[in-house]
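Report on one structure; see the data block that follows.
The values are calculated or read from the model by the stated rules, or taken from the named source; none is laboratory data. Because the structure is predicted, anything quoted here is derived from the model rather than measured. Ideal geometry is used to build each Cβ from the backbone, glycine not excepted, and the neighbour counts take in all protein chains shown.
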Amino acid sequence: MDAAGALLLLALAVMTLIDVIGRELHGINRIEFFAQLLGKEPLFTPLRGADELTVIFMAASTYAVFAGITWRQEHVAVDLIDMVYPRRLIALREVIIHLLAAAFLVVVTWALWQRAGRTAEGSEVFEYLRLPRAPFLYFFTGMAAVTTLVVLANAVRYILGRGPLQRAAAAAGPAAPHGG
(Lines give C-alpha, C1' and ligand atoms only; values in the text may rest on other atoms or scores of the structure.)
Protein backbone atom coordinates (compact mmCIF):
# COMPACT_ATOMS: atom_id res chain seq x y z
CA MET A 1 0.00 0.00 0.00
CA ASP A 2 2.97 2.30 0.52
CA ALA A 3 3.85 1.95 -3.17
CA ALA A 4 0.24 2.72 -4.12
CA GLY A 5 0.35 5.84 -1.94
CA ALA A 6 3.61 6.90 -3.58
CA LEU A 7 2.16 6.36 -7.07
CA LEU A 8 -0.89 8.41 -6.16
CA LEU A 9 1.37 11.25 -4.99
CA LEU A 10 3.36 11.01 -8.22
CA ALA A 11 0.10 11.16 -10.21
CA LEU A 12 -0.90 14.22 -8.16
CA ALA A 13 2.42 15.92 -8.95
CA VAL A 14 2.12 15.20 -12.70
CA MET A 15 -1.51 16.32 -12.76
CA THR A 16 -0.62 19.53 -10.92
CA LEU A 17 2.23 20.23 -13.37
CA ILE A 18 -0.11 19.80 -16.36
CA ASP A 19 -2.76 22.00 -14.72
CA VAL A 20 -0.28 24.76 -13.85
CA ILE A 21 1.21 24.77 -17.36
CA GLY A 22 -2.32 24.99 -18.79
CA ARG A 23 -3.17 27.88 -16.46
CA GLU A 24 0.05 29.79 -17.07
CA LEU A 25 0.02 29.42 -20.85
CA HIS A 26 -3.74 29.68 -21.36
CA GLY A 27 -3.73 33.27 -22.64
CA ILE A 28 -0.44 33.10 -24.53
CA ASN A 29 -2.14 33.38 -27.94
CA ARG A 30 -3.43 36.82 -27.01
CA ILE A 31 0.10 38.02 -27.68
CA GLU A 32 0.29 38.81 -31.38
CA PHE A 33 3.54 36.90 -32.03
CA PHE A 34 2.16 33.72 -30.45
CA ALA A 35 -1.24 34.22 -32.09
CA GLN A 36 0.42 34.18 -35.51
CA LEU A 37 2.57 31.21 -34.52
CA LEU A 38 -0.07 29.11 -32.71
CA GLY A 39 -3.35 30.52 -34.01
CA LYS A 40 -6.13 32.41 -32.23
CA GLU A 41 -7.72 29.41 -30.48
CA PRO A 42 -6.33 28.64 -27.01
CA LEU A 43 -3.75 25.87 -27.27
CA PHE A 44 -3.31 25.47 -23.52
CA THR A 45 -6.10 25.20 -20.96
CA PRO A 46 -6.26 24.39 -17.26
CA LEU A 47 -7.01 20.75 -16.54
CA ARG A 48 -10.74 20.25 -16.02
CA GLY A 49 -11.51 18.64 -12.70
CA ALA A 50 -8.03 19.30 -11.29
CA ASP A 51 -9.52 20.38 -7.96
CA GLU A 52 -11.47 17.13 -7.71
CA LEU A 53 -8.47 15.05 -8.76
CA THR A 54 -6.38 16.76 -6.10
CA VAL A 55 -8.91 15.82 -3.42
CA ILE A 56 -9.12 12.24 -4.70
CA PHE A 57 -5.35 11.73 -4.96
CA MET A 58 -4.62 13.31 -1.57
CA ALA A 59 -7.31 11.36 0.28
CA ALA A 60 -6.53 8.05 -1.45
CA SER A 61 -2.78 8.36 -0.89
CA THR A 62 -3.33 9.23 2.77
CA TYR A 63 -5.71 6.35 3.46
CA ALA A 64 -3.50 3.95 1.48
CA VAL A 65 -0.50 4.43 3.78
CA PHE A 66 -2.26 4.56 7.17
CA ALA A 67 -1.97 0.83 7.90
CA GLY A 68 1.73 0.59 7.02
CA ILE A 69 2.65 3.67 9.01
CA THR A 70 0.63 2.37 11.92
CA TRP A 71 2.26 -1.07 11.82
CA ARG A 72 5.75 0.48 11.85
CA GLN A 73 4.65 3.17 14.34
CA GLU A 74 6.13 5.90 12.17
CA HIS A 75 3.55 8.51 13.12
CA VAL A 76 4.61 12.03 13.90
CA ALA A 77 4.98 12.04 17.67
CA VAL A 78 6.02 14.43 20.38
CA ASP A 79 7.86 12.40 22.98
CA LEU A 80 8.31 14.94 25.76
CA ILE A 81 7.90 12.41 28.55
CA ASP A 82 9.73 9.46 27.00
CA MET A 83 13.02 10.49 28.60
CA VAL A 84 11.56 10.07 32.09
CA TYR A 85 8.86 7.50 31.38
CA PRO A 86 9.62 4.16 33.08
CA ARG A 87 10.55 1.51 30.52
CA ARG A 88 8.69 -1.18 32.39
CA LEU A 89 5.43 0.72 31.71
CA ILE A 90 5.95 1.18 27.96
CA ALA A 91 3.85 -1.88 27.12
CA LEU A 92 0.97 -0.84 29.36
CA ARG A 93 0.97 2.70 27.96
CA GLU A 94 1.09 1.46 24.37
CA VAL A 95 -1.66 -1.13 24.91
CA ILE A 96 -3.93 1.57 26.36
CA ILE A 97 -3.09 4.01 23.56
CA HIS A 98 -3.65 1.37 20.89
CA LEU A 99 -6.98 0.25 22.35
CA LEU A 100 -8.18 3.86 22.50
CA ALA A 101 -7.00 4.42 18.94
CA ALA A 102 -8.78 1.26 17.80
CA ALA A 103 -12.02 2.43 19.44
CA PHE A 104 -11.68 5.78 17.66
CA LEU A 105 -10.96 4.07 14.34
CA VAL A 106 -14.00 1.81 14.73
CA VAL A 107 -16.13 4.95 14.97
CA VAL A 108 -14.38 6.51 11.94
CA THR A 109 -14.78 3.29 9.92
CA TRP A 110 -18.46 3.04 10.83
CA ALA A 111 -19.05 6.71 9.90
CA LEU A 112 -17.27 6.24 6.57
CA TRP A 113 -19.31 3.11 5.86
CA GLN A 114 -22.54 4.99 6.59
CA ARG A 115 -21.48 7.89 4.39
CA ALA A 116 -20.44 5.56 1.56
CA GLY A 117 -23.82 3.83 1.70
CA ARG A 118 -25.75 7.11 1.57
CA THR A 119 -23.53 8.29 -1.27
CA ALA A 120 -24.10 5.09 -3.24
CA GLU A 121 -27.87 5.25 -2.70
CA GLY A 122 -27.94 8.84 -3.93
CA SER A 123 -25.68 8.05 -6.88
CA GLU A 124 -23.54 11.06 -5.99
CA VAL A 125 -20.85 11.99 -8.50
CA PHE A 126 -18.06 14.53 -8.64
CA GLU A 127 -19.23 17.75 -10.26
CA TYR A 128 -16.80 18.01 -13.18
CA LEU A 129 -15.42 14.51 -13.56
CA ARG A 130 -18.84 12.85 -13.10
CA LEU A 131 -17.10 9.94 -11.35
CA PRO A 132 -19.17 8.19 -8.68
CA ARG A 133 -18.08 9.11 -5.14
CA ALA A 134 -19.10 5.88 -3.40
CA PRO A 135 -16.22 3.66 -4.60
CA PHE A 136 -13.73 6.13 -3.16
CA LEU A 137 -15.57 6.22 0.15
CA TYR A 138 -15.69 2.43 0.26
CA PHE A 139 -11.93 2.38 -0.36
CA PHE A 140 -11.41 4.83 2.52
CA THR A 141 -13.67 2.67 4.69
CA GLY A 142 -11.66 -0.44 3.84
CA MET A 143 -8.36 1.25 4.61
CA ALA A 144 -9.73 2.56 7.92
CA ALA A 145 -10.87 -0.98 8.80
CA VAL A 146 -7.45 -2.44 7.93
CA THR A 147 -5.80 0.26 10.03
CA THR A 148 -8.11 -0.62 12.92
CA LEU A 149 -6.97 -4.24 12.71
CA VAL A 150 -3.34 -3.14 12.58
CA VAL A 151 -3.81 -0.99 15.69
CA LEU A 152 -5.29 -3.99 17.50
CA ALA A 153 -2.42 -6.17 16.27
CA ASN A 154 0.02 -3.60 17.65
CA ALA A 155 -1.70 -3.82 21.04
CA VAL A 156 -1.21 -7.59 20.95
CA ARG A 157 2.43 -7.12 19.97
CA TYR A 158 2.94 -5.02 23.09
CA ILE A 159 1.15 -7.54 25.28
CA LEU A 160 3.52 -10.21 23.92
CA GLY A 161 6.56 -7.98 24.50
CA ARG A 162 7.28 -7.52 20.79
CA GLY A 163 6.21 -3.92 20.23
CA PRO A 164 8.52 -1.62 18.26
CA LEU A 165 9.12 0.69 21.22
CA GLN A 166 9.90 -2.28 23.48
CA ARG A 167 12.46 -3.55 20.98
CA ALA A 168 13.98 -0.09 20.61
CA ALA A 169 14.24 0.28 24.38
CA ALA A 170 15.84 -3.15 24.73
CA ALA A 171 18.32 -2.38 21.95
CA ALA A 172 19.21 0.97 23.50
CA GLY A 173 20.38 -0.67 26.71
CA PRO A 174 19.67 0.21 30.34
CA ALA A 175 21.23 3.70 30.44
CA ALA A 176 20.17 5.03 27.07
CA PRO A 177 16.93 6.97 26.65
CA HIS A 178 14.14 5.24 24.85
CA GLY A 179 11.60 6.75 22.54
CA GLY A 180 9.40 6.18 19.60
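Quick notes on this one:
- When segment 116-133 is limited to residues that are of a type outside the set (Ser, Thr, Tyr), assigned to a helix (DSSP H, G or I) and in contact with a Lys or Arg (Cβ under 9 Å, 6 or more places away or on another chain), the one that is farthest from Val65 (Cα to Cα) turns out to be Ala120.
- Sole residue being within 30 Å of Leu80 (Cβ to Cβ), among the charged types (D, E, K, R) and at pLDDT below 90, chosen from Arg157, Arg162: Arg162
- The listed residues are Leu37, Leu99, and the only one of them that is modelled with pLDDT of 95 or more, farther than 27 Å from Leu10 by Cβ and out of contact with any Ser or Thr (no Cβ under 7 Å at 6 or more places or on another chain) turns out to be Leu99.
- Test: residue in segment 142-160 that is among the β-branched types (Val, Ile, Thr) and farther than 30 Å from Leu12 by Cβ: yes
- Filter result for Gly173 (touching a Leu at 6+ places or on another chain (Cβ under 6 Å) and at pLDDT below 80): no
- Ala77 being aliphatic (A, V, I, L, M), outside any helix (DSSP H, G or I) and within 28 Å of Phe140 (Cα to Cα): yes
- Every pair of residues 6+ apart whose Cβ atoms lie under 6 Å, when the first sits in segment 46-68 and is of a type in the set (Ser, Thr, Tyr) while the second is part of a helix (DSSP H, G or I) and modelled with pLDDT under 95: Ser61/Gly5; Ser61/Leu8; Ser61/Leu9
- Those residues of segment 22-42 which are within 40 Å of the chain's Cα centre (by Cα) and surrounded by 14 or more Cβ atoms within 10 Å (Cβ to Cβ), in sequence order: Gly22, Arg23, Leu25, His26, Ile28, Asn29, Pro42
- Selection count where residues are more than 28 Å from His75 (Cβ to Cβ) and hydrophobic (A, V, I, L, M, F, W, C), scope segment 118-161: 6
- Counted residues, segment 1-21 - those being surrounded by 12 or more Cβ atoms within 10 Å (Cβ to Cβ), farther than 28 Å from Thr70 by Cβ and of a type outside the set (Val, Ile, Thr): 1
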